[in-house]
1. Here are some residues: ILE240, ILE209, ILE204. Which one is among the β-branched types (Val, Ile, Thr), closer than 21 Å to SER101 by Cα, within 16 Å of the ligand (Cβ to nearest atom) and not in a helix (DSSP H, G or I)?
2. Which members of the range 38-63 meet the condition of being within 16 Å of the ligand (Cβ to nearest atom) and under 20 Å from SER101 (Cα atoms)?
3. Out of LEU130, LEU104, LEU159, which single residue is in contact (Cβ under 8 Å) with a residue 24 or more places away in the chain, within 15 Å of the ligand (Cβ to nearest atom) and either within 18 Å of LEU191 (Cα to Cα) or among the aromatic types (Phe, Trp, Tyr) (or both)?
4. So which of LEU130, LEU145, LEU116 is touching a strand residue (DSSP E or B) at 6+ places or on another chain (Cβ under 7 Å) and either under 19 Å from TRP180 (Cα atoms) or of a type in the set (Phe, Trp, Tyr) (or both)?
5. Checking PHE260 against (1) within 16 Å of the ligand (Cβ to nearest atom); (2) modelled with pLDDT of 95 or more; (3) touching a helix residue (DSSP H, G or I) at 6+ places or on another chain (Cβ under 8 Å); (4) more than 15 Å from LEU86 (Cα to Cα), only one condition comes out false. Which one?
6. Check the range 143-154 and report whether any residue there is farther than 30 Å from ILE279 by Cα and within 14 Å of the ligand (Cβ to nearest atom).
7. Pick from the range 270-323 the residues that are farther than 14 Å from GLN255 by Cβ and among the aromatic types (Phe, Trp, Tyr): which of them is nearest to the chain's Cα centre (by Cα)?
8. Does ALA172 meet the test of being within 11 Å of the ligand (Cβ to nearest atom) and either part of a strand (DSSP E or B) or under 19 Å from GLY324 (Cα atoms) (or both)?
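The values are calculated or read from the model by the stated rules, or taken from the named source; none is laboratory data. What you see is a predicted model; the values in this text were computed from it and never measured. Neighbour counts are summed over all protein chains in view; Cβ atoms, including those assigned to glycine, are modelled from backbone coordinates with ideal geometry.
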Amino acid sequence: LVGLLERIGARAPIIQAPMAGAAGPALAIAAIRGGAVGSLPCALLTPEQVIAQAGAVRAAAKGPLNLNFFCHAMPAPPDETAWRALLQPYYAAEAARPAASPPLRLPFDAAMCAALERVRPEVVSFHFGLPDVSLLARVRASGALVLGNATTRDEMHWLAAQGVDAVIAQGAEAGGHAGWFLGKRHSPTMLAELLGPLLPVPVIAAGGIVDGQGIARALAAGATAVQIGTAYLACPESSIAGPFRALLGTATDSQFTNLFSGREARGLVNRLMRELGPIRGEVPAFPYGSAALAPLRAKAEADGRGDYSPLWAGTGAPRVRAMGAEQLTRTLAAELRAAQEAA
Ligand SMILES: Cc1cc2nc3c(=O)[nH]c(=O)nc-3n(C[C@H](O)[C@H](O)[C@H](O)COP(=O)(O)O)c2cc1C
């Protein structure tokens, strides 16, 4: 039986997770060379950057590429007064100088769709729901395998009804933004609860998987493939800052926090999360939450501190291994084979 990802050229049932702000072409190239589907997170990129980065991957690695987009609704730019007032003691204590606001995470649109049609990736994945039907039809017509991200059983059924080729079941163990999109609030659901009684579409398991044994468990529970983020963060090809890298493999405490973007994302607990609490109502609505922190983040990171930085990582963070992403991919595949043979 040829698996979903093997049909498009992957040698292992693994998608290297797209991680906006934390990885780009270097990680995708190495993951593809190792036999996985490599991903480019596009939420922080312009269409021109998407085309350039995809070109860099295509030039260096032959294999399946996933372009990943966000589908959140953009609110009006919010009033940041309450949030900046809460941060005032930190601005004063750090004597932080104004820093350029980081790029905003923007939703998939017609210009991005045109870039996608030029790149013709093997896979397109969407976070926070799906684009409108006319854009989705264009994505489908490009020939890509279309994936949607679900954090609840309801979202899995909704995505299946929209005709996606597979659903990414993102358990509450997962690092980064929980891609919830139905209902009024985030309702964290563990991966084991999302798997199980089968849906009419294949399911790709995500959250807390860092080794081949974890992949084998997810496949035995009904998943077709896995999407792995945190384990790839520890690879030298990721682009995370030194203080964050130093915590991977050791830090055990991760929580959902909205402090760094305005939406819930799982990350390692740092000073800001400890002192303000991980969830605050004052944070401007997603994706506007990151601007006010930029000066504090720049100052602290220059001093080697991750006090105000998002340290987005999943519950597997203490168990990751620092090795090149090509070798990690081959190791995961070998461990999976060994686990399946032993079963
Ligand atoms: C630093 C970081 C950034 C992430 N950014 C994205 C993103 O841009 N798009 C996306 O669909 N998922 C993103 N995710 C979530 C991953 O796709 C995936 O759900 C998660 O990494 C799986 O759990 P794991 O980290 O325990 O392996 C991110 C995860 C991390 C750790």
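1. Numbers: ILE209 fails: closer than 21 Å to SER101 by Cα; ILE204 fails: closer than 21 Å to SER101 by Cα.
The unique qualifying residue is ILE240.
2. PRO41, CYS42, ALA43, LEU44, LEU45, THR46, GLN49
3. Details: LEU130 fails: either within 18 Å of LEU191 (Cα to Cα) or among the aromatic types (Phe, Trp, Tyr) (or both); LEU104 fails: either within 18 Å of LEU191 (Cα to Cα) or among the aromatic types (Phe, Trp, Tyr) (or both).
Of LEU130, LEU104, LEU159, the one residue that is in contact (Cβ under 8 Å) with a residue 24 or more places away in the chain, within 15 Å of the ligand (Cβ to nearest atom) and either within 18 Å of LEU191 (Cα to Cα) or among the aromatic types (Phe, Trp, Tyr) (or both) is LEU159.
4. Values: LEU145 fails: either under 19 Å from TRP180 (Cα atoms) or of a type in the set (Phe, Trp, Tyr) (or both); LEU116 fails: either under 19 Å from TRP180 (Cα atoms) or of a type in the set (Phe, Trp, Tyr) (or both).
Testing whether each residue is touching a strand residue (DSSP E or B) at 6+ places or on another chain (Cβ under 7 Å) and either under 19 Å from TRP180 (Cα atoms) or of a type in the set (Phe, Trp, Tyr) (or both) leaves just LEU130.
5. (4)
6. From the range 143-154, those farther than 30 Å from ILE279 by Cα are 143-146; that's our starting set.
Then keep just the ones that are within 14 Å of the ligand (Cβ to nearest atom); that gives 146.
Taking every residue of the range 143-154 in turn, at least one turns out to be farther than 30 Å from ILE279 by Cα and within 14 Å of the ligand (Cβ to nearest atom).
7. Residue satisfying both the conditions and the ranking: PHE286.
8. Details: within 11 Å of the ligand (Cβ to nearest atom): yes; either part of a strand (DSSP E or B) or under 19 Å from GLY324 (Cα atoms) (or both): no.
For ALA172, the condition - within 11 Å of the ligand (Cβ to nearest atom) and either part of a strand (DSSP E or B) or under 19 Å from GLY324 (Cα atoms) (or both) - is not met.
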